[in-house]
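Taking it in order: structure first as structure tokens, then the write-up.
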Amino acid sequence: MDRDSYHNCCSLVKIPRQSYDQFWSSHFVEYIDKEISYSTFFKKYLLPNHPCVFSRRFTEDWRCRKQWVTEEGKPNFQTLLQEFDETPVPVANCNAKEYNANPKLTMPFKEFIHYWKEYIQNGNSSPKGCLYLKDWHMARDFPEHNVYTTPVFFSSDWLNEYWNTIEVDDYRFVYMGPKGSWTPFHADVFRSYSWSANICGRKKWLLYPPGQEEFLKDTHGNLAYDVTAAELRDKGLFPQSDKACQPLEIIQEAGEIIFVPSGWHHQVYNLEDTISINHNWLNGCNIDIMWQFLQNELSAVQREIEEWRATMDSWHQHCQTIMKSCSGIDYGEFASFLKIIAENRIAFLSACSSANTECPRHLSETLTALGSHHAAFDLQRVVHILECLICSEDFKRLDHSTLNLQPEVLVQKIRETIHSTRGQHLP
């Protein structure tokens, strides 16, 4: 991040996001074929929360694009089998529906490839249905492979930084599926950003700007499973579907990367045999969207069990427990998440100021590439969300003895860090 971008953003409390009206009418998404600076991407796409597509030139040096793909542009089954063979992988059945998603099972990688070959030979059909290898943590399971490099535009990634720090999980995935495999209508975890690169094959994306999903819910408030289904035209089932705008349709070619902004619901089809790499990620530009999502999730849980409020001991803690089981995180872990992100940047800025302070190497490389201005921007965003958390009545009701931080203390520590480093490397 350059100095001008930092000074333009440092006073922001609420991120200003432009209207999404342009996408309703023009159905146009910007295509990036030439080199652009990180600051340009930050200002034009991250802050306003607008989608874009990067050309294949941004992935042409990736090893997976050379080794996982045949000269004809098809998946190289032989190489893939040599690399992954008996590895257990998650596989979804696109022909089955379970709670508005596709049910998954785990099978050896070689068994999936055997199925895929037969599926192609049988004219893209199988009695087993249309199977789709998805949400495979390949980078976590095979860290030595280094088959791709995260583009700098997506490197300010708090979500995977947090999970790497606590060594529990990650949100980096590989998808492999035959022609006809697809993913039902959804928005990404925690309303995160996502980026998706086609290693080979083609995808069709249907994207709806934030807010449009409200028109695509049935009479029970459930999100549509398939936005192309005829049942959406049934006013008795989907009474507001005619108010929704037409989706932004994007055909993603081999080698291209699509940036999907926060809260943009989407449905995706593989138009050919396709392999893709997907990351979900968060940073200072969309952490407020995640915080709003968490508040909405908690409110929904509270409404569901409101009738037991007077009779249930620790009702508020039960709400947090249910929320975590549904969404994957509660307020306590969210506070821990913010603490780790803040402490990493405090350590980085301190290391910039003192030769005696060290920052973890993997973080130092990323934070150095983005610069001290970006670290300071991140800290200011953390302060804003921590202050919102401190003011939250639901957060106040939690048992703070179980938390590994005092938000007020962390806020003060961040402010002292920014103040002490200003003038040294934050002109």
Compute the distance in nm between two label points, each set 7 Å from the Cα along the Cα-to-Cβ direction, one at residue 122 and one at residue 413.
-> 5.7
At most 10 other Cβ atoms within 10 Å plus a DSSP loop assignment makes a site exposed; report the longest stretch of the chain without any exposed GluC sites (Glu not before Pro).
-> 168-427
Pairs 104/235; 97/396; 34/217; 66/117: which are spaced more than 28 Å apart, C-alpha to C-alpha?
-> 104/235; 97/396; 34/217
A 1.4 Å probe over the protein heavy atoms gives the chain a carbon and sulfur accessible-area percentage of 48
Can you list the aspartates and glutamates whose alpha carbon is less than 19 Å from that of residue 203, not counting same-chain residues fewer than 8 positions off?
-> 30, 33, 60, 72, 135, 188, 226, 249, 253, 256, 272, 273
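Using only the Cα atoms of segment 154-277, build the gyration tensor, take square roots of its eigenvalues as a ≥ b ≥ c, and label the shape rounded, prolate or oblate: rounded if a/c is under 1.5, else prolate if a/b is larger than b/c, else oblate.
oblate
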Under a 10 Å cutoff between Cα atoms, tell me which one of 99, 31, 132 has the largest fluctuation in the Gaussian network model of the chain.
-> 99
Averaged per residue, what accessible surface does segment 182-283 expose to a 1.4 Å probe, in Å²?
-> 32
Label point at residue 114 placed 7 Å out along Cα→Cβ; residues across segment 66-85 whose backbone nitrogen lies under 11 Å = none
About its Cα centre, how strong a charge dipole does segment 70-118 have in debye, to the nearest 20, once Lys and Arg get +1 and Asp and Glu get -1 at the Cβ?
-> 240
Would you give the gap between the C-alpha center of segment 64-137 and the C-alpha center of segment 213-245, rounded to a whole Å?
-> 31
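The values are calculated or read from the model by the stated rules, or taken from the named source; none is laboratory data. Worth saying up front: this structure is predicted, and the values here are computed from it rather than measured. In this analysis, Cβ positions are derived from the backbone assuming ideal geometry, glycine residues included, and neighbour counts consider all displayed protein chains. To get the accessible areas, we keep the full protein, side chains included, count just its heavy atoms, and leave off ligands, DNA and RNA. Shrake-Rupley method; radii C 1.70, N 1.55, O 1.52, S 1.80 Å.
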